[in-house]
Each structure stands twice: as structure tokens, then as C-alpha cells.
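Right, one structure below, let's go through it.
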Amino acid sequence: MNSKQFETAKMCLHVVTPINIADGVTLRAKDYLYDTRQRRVYFLNLHAWHWFVYKHKLLDKYEKYISNFKDMKSLLEWLQEQGYGLENLQDVISSEAQADASLVDAEKKTLHDINRHIRHGDGTPFIPGSSIKGVFRTAVLYKLLQKRQDIKSKYWRQIQGKISNNYLNPKRDFDGLAKDLESELLHTLRLKDDKERNISNKNAVCSAMRGLQVSDTYASRNVQTAILQKVDGGFDKFGKASPKKLPIFRECMLPEAELFFDVKIEKAVMNTIAINSVDDLLKATHSFFAAVTDLLQQAFGKEYQEAFQGVAAGNMFLGGNTGFLSKTLLAMVAPDKDTAKNTIKVLLDKSFKTHKHLLRDKIIAPRTLKCTNYNGKLMLMGVAEVRKV
């Protein structure tokens, strides 16, 4: 491989605050075993579990339990009523996770719905390369926007025009404008089809991000998971911190875990978007992370100092419950912070009418800091540090 054409690097992703990359499956209390005494959740190998039910002649009782299930009795309770305990189930358990101490309630036998972290076939938690590359893409867009005031202004005028005409469909229009922004800034490859005709830069095949390859994480160390609850950090009517626990539970990778993956850059492609090395990519990533963190700290830092402790060690937000601002560039293309706030709350109000964004988003929009409780501390969700090994 010609080193002048490509750069490859082994990377380490260090978990700074809890991270959840959902596998798309939500488990109810009938789908997992929750031991309240040990504060542990046990996930089932479905094939082995169904065989266990069949082998022990529990099928009719199990079907009755499922059909009448109303989150009142956990699966472990039901099994214990049938005369079986965890010691009988080792062959049907695929993995397990600790339940954070803040969730423990002697009278509560379930954690309701749980969004699991994605895992390899062998049960090992991992982070998909597509998730990491998505963060890199947003960071590169942010980097390019800093030098293109003309595009920022053009993009913002389109958003304002749709709002002022009361014509905005947030999902359709905002997604469409985001794609237009990508086309202008990232679709820099001038390609022809098999008939030698120019391919439109609207086509994703023209994206310079084709020159970046990011593998799934393939090795890890010190990876543990825990079930953590979503916490929205907001303010009461006196402007004081008023965090709200929500009935949403996620299996998260815990701080200090390290995962490894590979990055490959094709220089002739990536340099069309001002990325000439892995170091350039990391600088862009840190720059966007710092901009989002600064925005959040200005709004929440005084009342939520605890949540920001250690966050400066990171350089990206990753995964679920990291918030609107960490996943979009809307606040970064606005001419000023107040204009950004007022526009974002209009967008969010149209998308989530029951949340009352127009009325309640006074300091920042969205008005809540995306957090969780872990080891007795309030933490931001999804902060990671990515570095070359």
C-alpha cells in the first residue's frame, strides 16, 4: 500500500461518561431476569430459553403469564413460583449487567423497558464503525462551515423563510436542508457515469466521506455495562437545577472502558474537504465537541457543575441520549445564540407539541441537559475520547 495515498491508524475509544448504542430491541420486564437482591439484570438467549420452557413443561403456564403480563410480576418472580431460580438458568443467560444503585427499590421488581447496548454475536458489547463515522461526518461539516459564511447564510435564510411562511415541516424540510448542506460541502468528487456524463453532486457517490473507512470496534478492555436511567437536567421556576428522572432505562458501557478500531483515509479523496490526515480528523472532532460543550456549559454549567466534571477529557458525543445539539449543526449556522435558540424551539415545538418548547425553552433550546445517574453522580451521557494508539 502506498503510504502517500493512504493513512491507516489503530484507534482507541475511551469511555468518559456512560454510552449507549441501542441495538433496536426494547425489552420489557417479561423478557429479562432482574435480581433485586443482587441488583443484576440477566439477558436471555431466546433459543435456549424457549427450549428451557419446553423441556420443563412450562409452555402453557408461560403463555398464560405472557398473555396477562402487565409489568406487575417480573419474569424471575414467575420462574421462582414455578420452582426455578437463577442457579437453574445459567445455560439460558447470554449476558448480564449491573443495575445502578439509584434504581434499586425493595418494592419494585422490574425496571420496565430496557434499551440494550448493541453486541457482537458472542455477546461482547461493541460500537459500530457507522456510529463513529457519523460523528466524524458532523465534525467535518462543522470545520468546513467555519470558512464558508456564504453557505451558512444561505442555509439559514432557507430555514427562516420556511418558518416565516408557516410552511415548515420539521422532519421533511430540516432533513432536506441538511442533505443540501452535505451536498455543498462534502460532495466534492467530480465523477462521470459509464456514458461519460457528469454525476450530480446530489448523488451520495460524490461524497468525499467515501475516502474515510471506520471499522467496528473489534477489541476492548475493562468493558462493563450497567442499566442506567435517563435524567433530563432542567430548571424550576426559580432557575434552580431540577433534574427529572424519566422511565427510560438503557444498558450503557461504563466509564474507563476502552475499545479499539481502525481508521483508513484515502488522502486524494479526503483532501478535497480539507482533511489530509487522521490528526486533521481528530482536530475537527475536538473542535465541534468543544463548541457544543461550550454552548451547554453557558446554559447549564452554573447549576449543573457536577454533570460537567471530567467532560473536558472527551472529544466526541456518541450514542443515544446525547441531545439535539450534539447531533445537528443548526445552532452552529445561526448568526447568534439567541436566534439559534428561538429557531430551534420553533422546530422542536412543531415536532413535539406536548413538550411545549415555545413556552418553556427560555435559556436554551432544547431546555434540558441529557444526563444519567451513575455511582451516585449526575453525568452527561455519551462522552468519549478517541485517540490514535
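The values are calculated or read from the model by the stated rules, or taken from the named source; none is laboratory data. Quick caveat: nothing in here was measured; it's all calculated off a predicted structure. A quick note on method: Cβ atoms are made from the backbone with ideal geometry, for glycine too, and the neighbour counts reach across all protein chains shown. Note: accessible area is taken over every heavy atom of the protein model, side chains too, but ligands, DNA and RNA are not part of it. Shrake-Rupley method; radii C 1.70, N 1.55, O 1.52, S 1.80 Å.
Over the range 206-338, what is the relative contact order in percent, taking alpha-carbon pairs closer than 8 angstrom and at least six residues apart? Across the range 206-338, relative contact order equals 24 percent. Compactness of the range 52-160, taken as the C-alpha radius of gyration over 2.2 N^0.38 Å, stands at 1.85. The range 267-345 and the range 28-100 have Cα centres lying 42 Å from one another. Its residue count N fixes a reference of 2.2 N^0.38 Å for the range 263-315, and the Cα radius of gyration divided by that reference is 1.53. Think of it as helices only: each DSSP H run of n ≥ 4 in the chain is worth -39500 (n - 2.57), and spread over all residues that comes to -9500 deg cm²/dmol at 222 nm. Per-atom-type breakdown for the range 283-325 gives carbon and sulfur 50% of the accessible area (1.4 Å probe, protein chains only). Here's how it looks for Glu96: its modeled amide H is under 5 Å from those of Phe43, which are all 5 or more places away or on a different chain. The aspartates and glutamates within cross-link reach of Lys244, meaning a Cα-to-Cα straight distance under 12 Å and a gap of 8 or more places when in the same chain, are Asp232, Asp236.
For the Cα trace of the range 258-389, dividing Rg by the Kirkwood Rh returns an Rg/Rh value of 1.02. Of the three principal axes defined by the Cα atoms of the range 174-256, the extents in descending order read 62, 42, 19 Å. The eigenvalues of the Cα gyration tensor, multiplied by 5 and square-rooted, give the chain an equivalent ellipsoid with semi-axes of 40, 27, 21 Å from largest to smallest.
In the context of the full set of protein chains, the range 111-242 has a per residue accessible area of 54 Å² (1.4 Å probe). Rank Phe238, Ala226, Leu86 by how far each Cα sits towards the positive end of the charge dipole of the chain (+1 on Lys, Arg Cβ; -1 on Asp, Glu Cβ) and give me just the farthest. About the Cα centre, the residue reaching furthest to the positive side is Phe238. Net charge in the neighbourhood of Ser130 (other residues with Cβ under 11 Å of its Cβ; Lys, Arg +1, Asp, Glu -1) is +1. Taking only protein heavy atoms into account and a 1.4 Å probe, give the accessible area per residue of the range 24-96 in Å². On a per-residue basis, the range 24-96 sits at 62 Å². Peptide packing: for 129-142, 86-99, the average count of neighbouring Cβ atoms within 10 Å per residue gives the ranking 129-142, 86-99, highest mean first. How much net charge surrounds Ile21 when only other residues with a Cβ under 11 Å from its Cβ are counted (Lys, Arg +1; Asp, Glu -1)? Cβ neighbours under 11 Å give a net charge of 0.
Of Lys245/Lys377; Lys4/Lys202; Lys179/Lys345; Lys283/Lys341; Lys152/Lys240, which sit over 25 Å apart, Cα to Cα?
Distance filter (> 25 Å) returns Lys4/Lys202; Lys283/Lys341; Lys152/Lys240.
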